[in-house]
Amino acid sequence: MKNKQSPKKLFWDFIIVVVIIIIGAILSLVFRFKGLTSSLFFFFLPSFYLLCRQPKRLHRIFGGSFLIGTIFGFIFDFMANIGHAWAEYNSQLVFPYRILGVVPLDELIWYFGWVLVIVTFYEHFLEHERRDTISHNYKYGLLPALFTTASILVIYIVAPDKLVLGHTYLLLGLCTLVPFIYLTIKKPVLFIKFMSISPFFFFLFSIHEITALIIGQWYFPGRYIGVVSIGNLSFPFEEFFFWILMSSTIVLSYYELYVDDER
């Protein structure tokens, strides 16, 4: 059973979300917010606004955000911080605590919000089913993720140098593309769906990136295959490709594969 909203309501929902993001960018620049504080406007407020607009598949949305944002996000961020793919100054952290001295608690919350806004936007504008069931494939994402997390932590305790990779961002980014490539081949219609909303996330993540670089919320101390420059700002090509350009489709690939119904 479908639960469609009128195009007019969807249009105004979209406009309000964009306004929230723009206001968040302006406030971040004026008050020089820390990264996690900025994410309230970029991720959390837009998500909660859309969640309040109509009944949502809360189990799917929060289940997916936990699996992809918290579990997979921890793995990705742990490896990224070990390999210096990116970094945050301690002064830019709202919660000055790093899990095992590596992953800032701020970043783990940030990852959850990042996935939350992607799947909430996707469910609101493209998925209109009333069902709120989580796919039986969820365990096939959760169990390997937990095993991988445990393995990485053991290696970190025994031989931490083994986790340091050259071109860490590139290698991690390529690994995340596997579900996207798989679903693109298996279900081309999903590729079309993902691409239909990717311009919005290109807009959102571009604004977030530029705001963060101006304020100095994060920086890039590692090795990269190229650099993208906007005025006097610069960031790695990997950041542009894997986060700004592709991350919404990557997250939605994981979401469809492990949480939703691949339709």
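Structural remarks
- Checked against the criterion of being under 24 Å from residue 88 (Cα atoms), modelled with pLDDT of 95 or more and out of contact with any His (no Cβ under 7 Å at 6 or more places or on another chain), segment 133-149 contains one or more residues that satisfy it.
- Remark: residue 95 falls outside the filter, which requires a residue to be more than 19 Å from the chain's Cα centre (by Cα), modelled with pLDDT of 95 or more and crowded, with 21+ Cβ neighbours inside 10 Å.
- Residue in segment 112-126 that is acidic (Asp, Glu), farther than 22 Å from residue 46 by Cβ and surrounded by 20 or more Cβ atoms within 10 Å (Cβ to Cβ) present: no
- Some residue of segment 93-100 being charged (D, E, K, R) and without any contact (Cβ under 8 Å) to a residue 24 or more places away in the chain: yes
- Any hit, segment 183-194, residues being crowded, with 17+ Cβ neighbours inside 10 Å, over 14 Å from the mean Cα position of the chain (by Cα) and under 24 Å from residue 228 (Cα atoms): no
- The residue that is surrounded by the fewest Cβ atoms within 10 Å (Cβ to Cβ), counting only those in segment 220-262 that are in contact (Cβ under 8 Å) with a residue 40 or more places away in the chain, in contact with a Leu (Cβ under 8 Å, 6 or more places away or on another chain) and not in a helix (DSSP H, G or I), is 225.
- When segment 85-115 is filtered for residues that are among the small types (Gly, Ala, Ser) and under 25 Å from residue 64 (Cβ atoms), the ones remaining, listed by number, are 85, 113.
- Looking only at residues of segment 93-144 that are touching a strand residue (DSSP E or B) at 6+ places or on another chain (Cβ under 6 Å) and not hydrophobic (A, V, I, L, M, F, W, C), we find that the one that is farthest from residue 5 (Cα to Cα) is 98.
- Of all residues in segment 8-65, those being of a type in the set (D, E, K, R) and within 27 Å of residue 91 (Cβ to Cβ) number 2.
- Residue among 120, 176 that alone is more than 27 Å from residue 236 (Cα to Cα) and not in a loop (DSSP other than H, G, I, E, B): 120
- Which listed residue is among the polar types (S, T, N, Q), surrounded by fewer than 16 Cβ atoms within 10 Å (Cβ to Cβ), touching a residue at least 24 places away in the same chain (Cβ under 8 Å) and part of a helix (DSSP H, G or I), from 133, 149: 149
- Of all residues in segment 152-182 being aromatic (Phe, Trp, Tyr) and either crowded, with 17+ Cβ neighbours inside 10 Å or modelled with pLDDT of 95 or more (or both), the one that is nearest to residue 76 (Cα to Cα): 169
- Tally, over segment 93-111, of residues that are of a type in the set (D, E, K, R) and either assigned to a helix (DSSP H, G or I) or within 20 Å of residue 162 (Cα to Cα) (or both): 2
- Qualifying residue in segment 193-211 (condition: part of a loop (DSSP other than H, G, I, E, B) and more than 26 Å from residue 40 (Cβ to Cβ)): no
The values are calculated or read from the model by the stated rules, or taken from the named source; none is laboratory data. Every value quoted in this text rests on a predicted model; they were computed, and no experiment measured them. Cβ: placed from backbone, ideal geometry, glycine included. Neighbour counts: every protein chain shown.
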